[in-house]
Ligand SMILES: Cc1cc2nc3c(=O)[nH]c(=O)nc-3n(C[C@H](O)[C@H](O)[C@H](O)COP(=O)(O)OP(=O)(O)OC[C@H]3O[C@@H](n4cnc5c(N)ncnc54)[C@H](O)[C@@H]3O)c2cc1C
Ligand code: FES
Ligand code: FES
């Protein structure tokens, strides 16, 4: 393959004449490969799901073609629904959906087929895997019961001997660097930083789950893009006894798999962060780069006293997560710097993460909260971290309430005093997602839930927080 070619269903395709900012979805449909559908164009519906080969492994990952810019593709391998059937014989996933009547209008069906084909090829359909595989696919007319039935049937079948399976058994070759127009994909940090010095207006791009939404709507980066997804140094995940170092480019789905059980609050949050297709590409570096007030991972980093490693043309430096956000989408990172990694200490103590959104899965937070407390032998609060997203222009810690808790005995009165103080701690906005009053109420209610669900279970409380609240109201 030359350096502007990628493999589509096993066949080389040249992108030499392509617009690197165009989405894979639009490009496929322009070629009349219309099996891949456009529903939302925003990563929300899964109609455009395709399989992308992750070279490490190699493993197939389901991703949204509407968010994937062509510039990211040279040297990669993609499989679409057109590549599954063998002549007139349906692929087992397609056959299962036919047999269970899992399709009516059929618009969503190719997306479901691709999500299930990838999960089947990767052996991920066991247990909760059936639902997890299709959490990012919406169907408006069939209803999910027959689709789940098809998934469950597949889970019991041997992996199909299809193109996906054959390629998965092939070599794991790291991606070479590539350049498609003004979309550059270096393989080292030094090259990425040099590219940014040469083109200061260029934007960093990692998984493209934020940037891809803008590109999909026709916005074009003035100075081009420097992709970070081929840089090995950004892909490291070091799990130490005292801390975990997370490379900025590690996809969140990998964090969900490889850090399971390490950080309870992260285990709480990641299942509700977007859906599988987005998490297969989205990164922690991108979450810090966007610095959204409703980004879900900054509250976690604040509560765990994480430290962000930055690199720029002048060298490397570290920045505590507390102090990284300076204002609305404004951070302590200079434009020419990039996030290399985040170090998250393993503290012990009691922690939990909560996310409240309009619908349970695949939705942006109304409020996200991450709590961490440590109690001493006398059950006095030795340390408290109470971090929120969605209640201010930036993710924030409720410092006054943290201070109020310090040294206090962990009892019903303390819990309720803190919860009520949390309800008064912020002046959130009213918007289309929720009223300010609802957000304020959540700040206290989530803390009561934490006290009841986690602290009590860990032996730190003598009365349920709800009972405590009722007792206080009754007195
Ligand atoms: C359907 C959908 C659902 C979503 N749900 C959630 C959700 O539940 N919670 C949530 O928090 N977010 C959500 N997001 C937003 C997005 O997925 C996250 O912000 C994600 O972490 C972005 O990572 P990325 O690698 O895709 O970033 P990209 O889109 O590649 O980049 C985002 C920004 O970060 C910059 N950037 C990327 N990497 C670096 C780096 N290493 N150093 C410096 N700057 C960098 C880019 O220049 C850009 O400004 C959702 C998005 C979609 C489309
Ligand atoms: S078109 Fe809806 S997720 Fe891509
Ligand atoms: S079959 Fe019509 S949207 Fe799913």
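Please treat every number below as a calculation from the coordinates, not as lab data. It should be emphasised that the depicted structure is a prediction, and the values quoted were computed from it without experimental measurement. Every residue, glycine among them, receives a Cβ derived from its backbone with ideal geometry; neighbour counts consider all protein chains shown.
What whole-number distance in Å separates the alpha-carbon centres of segment 173-193 and segment 369-397?
That distance is 40 Å.
In whole Å, what is the distance between the alpha-carbon centres of segment 254-274 and segment 16-72?
26 Å
Listed highest first by mean packing, meaning other Cβ atoms within 10 Å per residue, what order do 60-70, 215-225 come in?
60-70, 215-225
Rounded, prolate or oblate, given the Cα gyration tensor of segment 213-343, with a/c below 1.5 counting as rounded?
Taking the square roots of the gyration eigenvalues as a ≥ b ≥ c, segment 213-343 is rounded.
Would you please state which residues of segment 188-208 a label at residue 173 would reach in this model, taking the label point 7 Å out along Cα→Cβ and a backbone N cut-off of under 20 Å?
188
In percent, how large is the relative contact order of the chain, given Cα pairs closer than 8 Å and 6 or more residues apart?
In percent, rounded to a whole number, it is 11.
Using a Förster distance of 35 angstrom, determine the FRET efficiency expected from the C-beta separation of residue 374 and residue 197, and round it to 0.05.
That pair, residue 374 with residue 197, gives E of 0.20.
Suppose a student asked you for the relative contact order of segment 49-124, using Cα pairs under 8 Å spaced at least 6 residues apart; what percent would you report?
39 percent.
Taking just the alpha carbons, could you work out the radius of gyration and Dmax for segment 5-168, both in angstroms?
Answer for segment 5-168, Rg first and Dmax second: 14.9, 45 Å.
Please give the contour-minus-distance gain from residue 359 to residue 441: 0.36 nm per residue of separation, less the Cα-Cα distance, rounded to one decimal in nm.
27.7 nm
222 nm [θ] for the chain, helices only, -39500 (n - 2.57) per DSSP H run of 4+, per residue, to 500?
Rounded to the nearest 500, the figure is -8000 deg cm²/dmol.
For residue 329 and residue 408, calculate 0.36 nm times their separation in residues minus their Cα-Cα distance, and state this gained length in nm to one decimal.
24.9 nm
Pop the C-beta distance of residue 453 and residue 220 into the FRET formula with R0 = 51 Å and round what comes out to the nearest 0.05.
0.65
Starting from the Cα gyration tensor of segment 284-396, take the square roots of the eigenvalues, sort them a ≥ b ≥ c, and report rounded, prolate or oblate (rounded when a/c is under 1.5, otherwise prolate if a/b is larger than b/c, else oblate).
Oblate, because a/c is 1.5 or more while a/b does not exceed b/c.
When the Cα centres of segment 106-146 and segment 345-367 are compared, how far apart do they sit, in Å?
The two parts, judged by their Cα centres, are 24 Å apart.
Stretch residue 417-residue 161 to full length: gain in nm at 0.36 nm per residue minus the Cα-Cα span?
Contour length minus the Cα-Cα distance gives 86.1 nm.
Taking only the alpha-carbon atoms of the chain, what semi-axes of the equivalent ellipsoid follow from 5 times the gyration tensor eigenvalues under a square root, in whole Å, largest first?
Taking √(5λ) for each eigenvalue gives 40, 28, 19 Å, largest first.
Residue 89 to residue 144: FRET efficiency via 1/(1 + (r/R0)^6), r the Cβ-Cβ distance, R0 25 Å, to the nearest 0.05?
Computed FRET efficiency for residue 89 and residue 144: 0.40.
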